[in-house]
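Values in this text are rule-based calculations from the coordinates and carry no lab data. The structure displayed is predicted, hence computed values, not measured ones. Cβ atoms come from the backbone with ideal geometry, glycine included; neighbour counts cover every protein chain shown.
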Amino acid sequence: MKCPYCNNPDTKVVDSRPVEDGLAIRRRRECEKCHKRFTTFEKIEDSLLVVVKNDGRRESFDRNKLINGLLKACEKTKVTYSDVERIADNIERGLNNTMEKEIESKMIGALIMDELRDLDQVAYVRFASVYHKFTDVNTFVQEVNKLLEDDKNRPHPKKNKDVAAAGENTKDNADKERKQEK
């Protein structure tokens, strides 16, 4: 690799380490002529994905567009930028694993909604309002009701554990009270 300072073609790697959960390698290099150091990254080149829009147009998959859409949906929520990047990584990896060259935008939207549903309900509803093109309040309310119904049917281990613990505490307290009465 050429030195970015003096354009010398001879550089050596002085340190390598995996980054991005092993999906890339960070290398520190040193120029053998000017002895300046610089950093390079090596990453697997993903196959080119083409997104088929609802109107039939085709455009290259753009990770930044995905991240920007997620950021808009997650504005003023507890969702962190690293959460957004993780979602983008999951979706991009999933799309590449399909081995399809063309992906419908509907599929990407559905994947985003699946990720947001479990992460943050406000972000989910915001994204859904754009994704489903809500035109009135009734459509919005229907989506919120669907989310609430799904949430009601989904097991909540922490809540169930708390309820069980509360039940045990009540039983323990009742036993203590009976002993004190005697």
Dipole of the stretch 50-134, Cα-centred, from +1 at each Lys and Arg C-beta and -1 at each Asp and Glu C-beta, to the nearest 20 debye? 280
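Can you pull the semi-axes for the stretch 50-134, root of five times each eigenvalue of the Cα gyration tensor, sorted largest first, whole Å?
Semi-axes (√(5λ), whole Å): 21, 15, 10.
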Please list, ordered by chain and number, the residues whose modelled amide H lies under 5 Å from the amide H of Glu104; skip anything fewer than 5 residues away on the same chain. Val52
Measure of size requested: the Rg and Dmax of the stretch 1-106, with Cα atoms as the atom set and Å as the unit; please supply both. 18.7, 55
Estimated vicinal HN-Hα couplings, Hz - the stretch 58-63 in sequence order (Karplus 6.51, -1.76, 1.60; Gly, Pro = x): 10, 8, 5, 4, 10, 4
What are the ³J(HN,Hα) values, in whole Hz, obtained from phi via the Karplus relation 6.51 cos²θ - 1.76 cosθ + 1.60 with θ = phi - 60°, for each residue of the stretch 89-102 in sequence order, with x given for Gly and Pro? 4, 4, 5, 4, 4, x, 5, 5, 6, 5, 6, 8, 7, 10
Based only on other Cβ atoms within 10 Å, what is the fewest-to-most ordering of Ile103, Ile44, Ile67? Ile44, Ile67, Ile103
Step through the residues of the stretch 106-117 one at a time and calculate ³J(HN,Hα) from phi using the Karplus curve (6.51 cos²θ - 1.76 cosθ + 1.60, θ = phi - 60°), rounding each to whole Hz and writing x for Gly and Pro. 4, 5, 5, x, 5, 5, 5, 4, 4, 5, 6, 4
Which GluC sites (Glu not before Pro) in the stretch 1-81 sit in a loop by DSSP (not H, G, I, E or B) and have at most 14 other Cβ atoms within 10 Å of their own Cβ? Glu20, Glu32, Glu45, Glu75
